[in-house]
Protein chains: 2
Amino acid sequence: MSLLITGSVALDSVKTPAEERRDLLGGSASYASVAASFFSAVNLVGIVGTDFPKNYFELYRRHGINLDGLQIAEGKTFRWSGEYEWDLNKRRTLSVCLNVFETFQPNLPHGYRKTPYVFLANISPQLQMHVLAQVERPKLIVADTMDLWIETQREALNELLRKIDCIVLNESEAREFTKQTSLIRAGRLILKQGPKYVVIKKGEHGCLLFADNLFFSAPAYPLEDIRDPTGAGDCFAGAFTGYLAKVNRIDHDSLRKAVVYGSVIASYCVEAFSLDRLETLTSAEIEQRYQLFKLMSHFEVG
Amino acid sequence: MSLLITGSVALDSVKTPAEERRDLLGGSASYASVAASFFSAVNLVGIVGTDFPKNYFELYRRHGINLDGLQIAEGKTFRWSGEYEWDLNKRRTLSVCLNVFETFQPNLPHGYRKTPYVFLANISPQLQMHVLAQVERPKLIVADTMDLWIETQREALNELLRKIDCIVLNESEAREFTKQTSLIRAGRLILKQGPKYVVIKKGEHGCLLFADNLFFSAPAYPLEDIRDPTGAGDCFAGAFTGYLAKVNRIDHDSLRKAVVYGSVIASYCVEAFSLDRLETLTSAEIEQRYQLFKLMSHFEVG
């Protein structure tokens with residue numbers, strides 16, 4: 001089944017203690033789409049400027065991503081730049097230039113409107129709902145968000161939560177959103193606000209999946225060397241939704257597997273800058289690391 | 001197989017935002033011994049004063065704990081008091097009175113010297129080595145430690161690491177000991193300093209087990225209400241070692257199971273103050289929660 005993904009498409013400049021790279025392909029929709037493309041056909045909805053490099057269009061196309069919904073507007077592409085501290089756990093945004101993104105109000109191409117799976121990657125909840133309103137009765141709607149929208153668009157976010165099936169957010173966002181220190185309480189509280197499924201991403205500690213009668217805890221892959229953590233969360237959510245679109249089944253077994261596939265793709269993403277590692281990633285490598293996830297969390301019955 | 005446990009025996013006063021309790025049975029060896037007693041016979045090595053309440057001796061005896069090595073000295077029992085913040089994640093020590101513990105230099109009873117499994121619960125590495133020197137060729141030696149010894153007894157701790165098979169320490173201690181932010185690097189670095197197995201406890205995030213060709217990540221039980229976190233780490237390590245003594249096998253499968261049984265007992269411990277919950281805990285409840293750990297970390301092959 002195909003998957004519609006909307007979010008930001010950006011040119012990123014990223015600085016880590018070891019290295020600095022400029023004008024990389026970035027943005028939540030870029031990471032999510034490439035990650036999802038390992039599992040399903042992707043219909044991308046986004047906007048870029050006339051400065052958007054040709055080779056990035058080609059990168060999308062190599063992953064079979066449908067670009068009918070990628071608008072090219074007069075002006076410059078959205079740009080983000082950030083810097084990581086030595087341990088890569090803390091990130092500082094250095095600059096954000098919305099550019100063409102400022103006036104983004106997408107009209108979905110006709111061929112996109114019946115896409116059965118939808119992932120609303122991180123953009124404002126208003127924009128996420130604007131896209132959602134144009135899709136006809138999808139089977140599954142997954143959304144991501146960020147601290148900025150929790151702080152400034154709380155009402156819209158509450159409304160979004162009632163319209164989606166699954167929210168994916170990180171540990172600190174779950175705590176901020178619910179004012180709960182316990183992630184268990186946080187996850188269960190968010191469930192009560194609308195979505196059937198809540199996924200809390202915990203970085204090096206793995207992630208948690210909550211549903212009414214389901215609790216699943218997935219480990220993180222034990223990476224010693226992370227090159228660039230940018231986009232890991234977007235890759236997780238893109239691959240998570242992409243896997244569900246592939247199997248076209250939203251039961252507990254599929255959700256658990258989707259969480260693990262999401263973790264696998266995210267773990268590859270951070271091994272290099274931008275989408276560099278995913279560009280060379282093979283199905284065999286994905287399956288191999290999935291097996292390692294199985295091994296490292298497996299124990300016998302008592 | 002039987003298990004020798006040494007560590008502190010204390011009378012604790014614990015304050016949480018909800019409640020305050022005084023003169024509770026506490027200390028690393030108390031928690032570890034009662035936790036281990038669900039799996040194996042325990043030989044306790046410790047010291048108490050003449051003020052130690054009779055009913056606490058009885059509690060130990062009800063758990064079949066051998067008290068031949070529990071010295072009763074003229075004076076007062078070691079006392080600790082601490083306070084938890086509202087989220088129970090941060091603890092402040094209010095007072096420590098070593099009392100009879102100050103001169104503790106145990107001589108192992110003759111019947112203890114051939115105990116095949118040894119758990120050195122948290123006391124100074126000097127004292128841990130003093131006890132260890134009196135045991136004849138045990139099959140497995142597990143030790144716990146704390147930030148205080150990392151900061152003040154680094155040399156002794158390094159020496160201890162070369163004499164034991166397994167070290168159990170918490171997340172912040174592993175980072176402090178190795179000066180690494182990555183727990184994966186920290187775990188692997190500690191492995192290089194002597195022990196064959198390293199267990200890093202991460203509280204609400206579960207725990208990690210490292211060996212030369214083994215990495216295992218266990219989830220934490222999703223408790224919404226924690227009454228008193230005191231002793232959870234001691235219970236984990238006591239039950240971990242107790243389970244290994246019970247099966248008398250130290251292969252990867254047993255180690256994984258031991259980690260899960262340790263997590264099960266720790267999750268029960270924090271449901272009440274002191275050893276209150278463990279006092280009424282049944283084998284059926286242990287097996288039931290073990291199954292829940294299995295359920296919440298299980299996923300199908302890809």
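General observations
- Within the range A:174-193, the set of residues being assigned to a helix (DSSP H, G or I) and touching a Phe, Trp or Tyr at 6+ places or on another chain (Cβ under 9 Å) comprises A:Ile184, A:Ala186, A:Gly187, A:Arg188, A:Leu189, A:Ile190, A:Leu191.
- Unique match (being among the polar types (S, T, N, Q), within 17 Å of A:Thr16 (Cβ to Cβ) and at pLDDT 95 or above) among A:Ser274, A:Ser254: A:Ser274
- Count - residues of the range B:267-279 that are surrounded by fewer than 21 Cβ atoms within 10 Å (Cβ to Cβ) and either in a helix (DSSP H, G or I) or within 13 Å of another protein chain (Cβ to nearest Cβ) (or both): 3
- Of the residues making up the range B:62-97, those that are at negative phi, modelled with pLDDT under 95 and out of contact with any strand residue (DSSP E or B) (no Cβ under 8 Å at 6 or more places or on another chain) number 3.
- In the range A:145-159, the qualifying residues are those that are closer than 18 Å to A:Cys207 by Cβ and assigned to a loop (DSSP other than H, G, I, E, B), and the one that is most open to solvent (accessible area, probe 1.4 Å) is A:Met146.
- The range B:41-79, residues that are assigned to a strand (DSSP E or B) and touching a Leu at 6+ places or on another chain (Cβ under 8 Å): B:Val42, B:Asn43, B:Leu44, B:Val45, B:Gly46, B:Ile47, B:Val48, B:Asn66, B:Leu67, B:Gly69, B:Leu70, B:Arg79
Table: residues versus (1) of a type in the set (A, V, I, L, M, F, W, C); (2) touching a His at 6+ places or on another chain (Cβ under 6 Å); (3) within 14 Å of another protein chain (Cβ to nearest Cβ).
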{"site": "B:Glu83", "(1), (2), (3)": "no, no, no"}
{"site": "B:Leu88", "(1), (2), (3)": "yes, no, yes"}
{"site": "B:Leu94", "(1), (2), (3)": "yes, no, no"}
{"site": "B:Gln105", "(1), (2), (3)": "no, no, no"}
{"site": "B:Pro116", "(1), (2), (3)": "no, no, no"}
{"site": "B:Gln128", "(1), (2), (3)": "no, no, no"}
{"site": "B:Ala133", "(1), (2), (3)": "yes, no, no"}
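- Close pairs (6 angstrom Cβ cut-off, 6 or more residues apart or separate chains): open to solvent by less than 20 Å² (accessible area, probe 1.4 Å) in the range B:247-266, part of a loop (DSSP other than H, G, I, E, B) anywhere: B:Val260/A:Phe299
- Hey, A:Phe38 in contact (Cβ under 8 Å) with a residue 12 or more places away in the chain, in a loop (DSSP other than H, G, I, E, B) and open to solvent by less than 30 Å² (accessible area, probe 1.4 Å) or not: no
- Positions within the range B:209-229 being over 23 Å from B:Tyr31 (Cα atoms) and more than 7 Å from every other protein chain (Cβ to nearest Cβ), in sequence order: B:Phe210, B:Ala211, B:Asp212, B:Asn213, B:Leu214
- Filtered residues of the range A:177-199 (kept if open to solvent by 20 Å² or more (accessible area, probe 1.4 Å) and away from every other protein chain (no Cβ under 14 Å)): A:Gln193, A:Gly194, A:Lys196, A:Tyr197
- The set of residues from the range A:280-302 being in a helix (DSSP H, G or I), open to solvent by less than 70 Å² (accessible area, probe 1.4 Å) and more than 10 Å from chain B (Cβ to nearest Cβ) comprises just one member, A:Glu285.
- Candidate set: the range A:228-239, residues that are out of contact with any Ser or Thr (no Cβ under 7 Å at 6 or more places or on another chain) and outside any helix (DSSP H, G or I); chosen: the one surrounded by the fewest Cβ atoms within 10 Å (Cβ to Cβ): A:Pro229
- Residues that are within 11 Å of chain B (Cβ to nearest Cβ), open to solvent by less than 10 Å² (accessible area, probe 1.4 Å) and assigned to a helix (DSSP H, G or I) do not occur anywhere in the range A:200-208.
- Look at the range B:183-210: where a residue is polar (S, T, N, Q) and at pLDDT 95 or above, no partner that is crowded, with 20+ Cβ neighbours inside 10 Å and in a loop (DSSP other than H, G, I, E, B) sits 6+ places away or on another chain with Cβ atoms under 8 Å.
- Filter result (in a loop (DSSP other than H, G, I, E, B), free of Cβ contacts under 8 Å to residues at least 40 places away in the same chain and either open to solvent by 30 Å² or more (accessible area, probe 1.4 Å) or more than 22 Å from A:Ala35 (Cα to Cα) (or both)) within the range A:98-138: A:Leu98, A:Gln105, A:Asn107, A:Arg113, A:Lys114, A:Ala133, A:Gln134, A:Glu136, A:Arg137
- Identity of the residue in the range A:160-173, among the acidic types (Asp, Glu) and part of a helix (DSSP H, G or I), that ends up nearest to A:Glu136 (Cα to Cα): A:Glu173
- The selection criterion, being basic (Lys, Arg), in contact with a Phe, Trp or Tyr (Cβ under 7 Å, 6 or more places away or on another chain) and more than 9 Å from every other protein chain (Cβ to nearest Cβ), holds for A:Lys246.
- Number of the condition not met by A:Ala218 [criteria: (1) open to solvent by less than 10 Å² (accessible area, probe 1.4 Å); (2) touching a Phe, Trp or Tyr at 6+ places or on another chain (Cβ under 7 Å)]: (2)
- Apart from one condition, A:Tyr221 fits all of (1) aromatic (Phe, Trp, Tyr); (2) touching a Pro at 6+ places or on another chain (Cβ under 8 Å); (3) in a loop (DSSP other than H, G, I, E, B); the exception is (2).
- Checked against (1) under 23 Å from A:Asp212 (Cβ atoms); (2) among the aliphatic types (A, V, I, L, M); (3) more than 10 Å from chain B (Cβ to nearest Cβ), A:Leu255 meets all criteria but (3).
- Where A:Arg22 falls short, out of the listed (1) in contact with a Ser or Thr (Cβ under 9 Å, 6 or more places away or on another chain); (2) free of Cβ contacts under 8 Å to residues at least 24 places away in the same chain; (3) assigned to a helix (DSSP H, G or I): (3)
The values are calculated or read from the model by the stated rules, or taken from the named source; none is laboratory data. Every value quoted in this text rests on a predicted model; they were computed, and no experiment measured them. Counting neighbours? That spans all protein chains shown, and the Cβs are built from the backbone with ideal geometry, glycine included. We work out accessible area using only protein heavy atoms, side chains counted, and drop any ligands, DNA or RNA first. Shrake-Rupley method; radii C 1.70, N 1.55, O 1.52, S 1.80 Å.
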